[in-house]
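The values are calculated or read from the model by the stated rules, or taken from the named source; none is laboratory data. Here the structure is a predicted model, which means the values were calculated and not measured. Cβ coordinates were reconstructed from backbone atoms using ideal geometry, including for glycine residues, and neighbour counts include every protein chain displayed. Each accessible area value is taken on the protein alone, full model and side chains, heavy atoms only, with ligands, DNA and RNA left out. Shrake-Rupley method; radii C 1.70, N 1.55, O 1.52, S 1.80 Å.
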Amino acid sequence: MTDFFQKNLFKNISLDEYKHLIACMGGRTRTFRPEETICCYDSGSQEIGIIGKGTASVVRFEYNGARTILERLGPQSTFGSMLSYGSSDQTGVSVICNTECEVLFLQYDRISAPCTKACAFHHQLTRNLLDLISCRAQNLSRRVEVLSQRTIRDKLMCFFSQLAVQFDSPSFSLPFTMVDLADYLSIDRSAMTRELKKMKDEKLVEIDRKTVHLLV
């Protein structure tokens, strides 16, 4: 059991209880390589995934080959078609590793259904999972705020401001490459590059590779 599972999903649950829960909920763990697809939402899988180590992205590939990064996932993040965006059409949505990932999969129906043995640790797991899902909802809300901005500059400044609050510093490292950042913000890559240059010229930001420093 990794530190992540002990401190978050399985907090207040002993090692013996953990072993019982994994069996009860059909749990399985798997390690994925960078760039490997963890799952596709249109496959009809009824599992919930929780990342223990590594980072991944929820992406949608459009019919014309365009890619949109819907969500960035890291340790503590939950994902799965059962926790998706309320859309009936999940065609082209996949979870893809950015780095090597350790993932725990649990059967959704076994989590949502009452435990037949009324185990206290089963109820504790449900509470813990709800906490993780709440964190995920907050992250999605922040992304909606970014995408609601009207201009490329506004989207960039909104995203940078969120990161500054998250790191409690005007200086921070981007969680994306510039290519991925454009896909995450749903903007043209060349237009974003031009706008970033203007923002640097106007002394709004300083950028050194993936390090950003807000000057306003």
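Details
- Accessible carbon and sulfur surface of the chain relative to its total accessible area, %, 1.4 Å: 50 percent
- In region 137-194 the Cα-Cα distances spread across 10 Å bins starting at 0 as 23, 57, 20, 0 percent of all pairs.
- Degrees separating the helix 15-24 axis from the principal Cα axis of the chain, which is the longest one: 90 degrees
- Inter-site label distance for Glu35 and Glu62 at 7 Å from Cα along Cβ, in nm: 2.4 nm
- Subtracting the Cα-Cα distance of Ala120 and Lys11 from 0.36 nm times their residue separation leaves 37.9 nm of extension gain.
- Amide N of region 135-161 lying under 15 Å from the label point, which is placed 7 angstrom from the Cα of Ala191 along Cα→Cβ: 147-157
- Taking the empirical scaling 2.2 N^0.38 Å for compact globular proteins as reference, the chain has a Cα radius of gyration ratio of 1.13.
- FRET efficiency for the pair Glu145 and Ala23, taken as 1/(1 + (r/R0)^6) with r the Cβ-Cβ distance and R0 = 25 Å, rounds to 0.05.
- Pairwise label distance in nanometres, Thr91 with His213, each label 7 Å out on the Cα-Cβ vector: 4.9 nm
- Highest-MSF residue in the chain out of Thr91, Thr177, Thr55 [GNM, Cα springs under 10 Å]: Thr177
- Under a Gaussian network description of the chain, with springs only between Cα atoms under 10 Å, the residue in Leu156, Leu104, Leu174 that fluctuates furthest is Leu174.
- Listed residues Gly26, Gly44, Gly65, most fluctuating in the chain (Gaussian network, C-alpha, under 10 Å): Gly65
- Taking Cα atoms only, the orientation of helix 120-147 departs from the longest principal axis of the chain by about 20 degrees.
- Linear extension gain, Ser43 paired with Leu130, 0.36 nm per residue minus alpha-carbon span: 28.9 nm
- Farthest positive-ward along the chain dipole, Cα basis, beta-carbon charges - from Ala191, Tyr41, Leu21: Ala191
- Dividing the summed -39500 (n - 2.57) terms of all DSSP H runs of n ≥ 4 by the residue count of the chain sets its mean residue ellipticity at 222 nm at -12000 deg cm²/dmol.
- Degrees between helix 189-201 axis and first principal axis of the chain (Cα, 0 to 90, nearest 10): 60 degrees
- Only Lys, Arg, Asp and Glu carry charge here, each on its Cβ (+1 for the first two, -1 for the last two); on that basis the chain has a dipole of about 220 debye about its Cα centre.
- Probe 1.4 Å, protein heavy atoms only - accessible area per residue of the chain in square angstrom: 54 Å²
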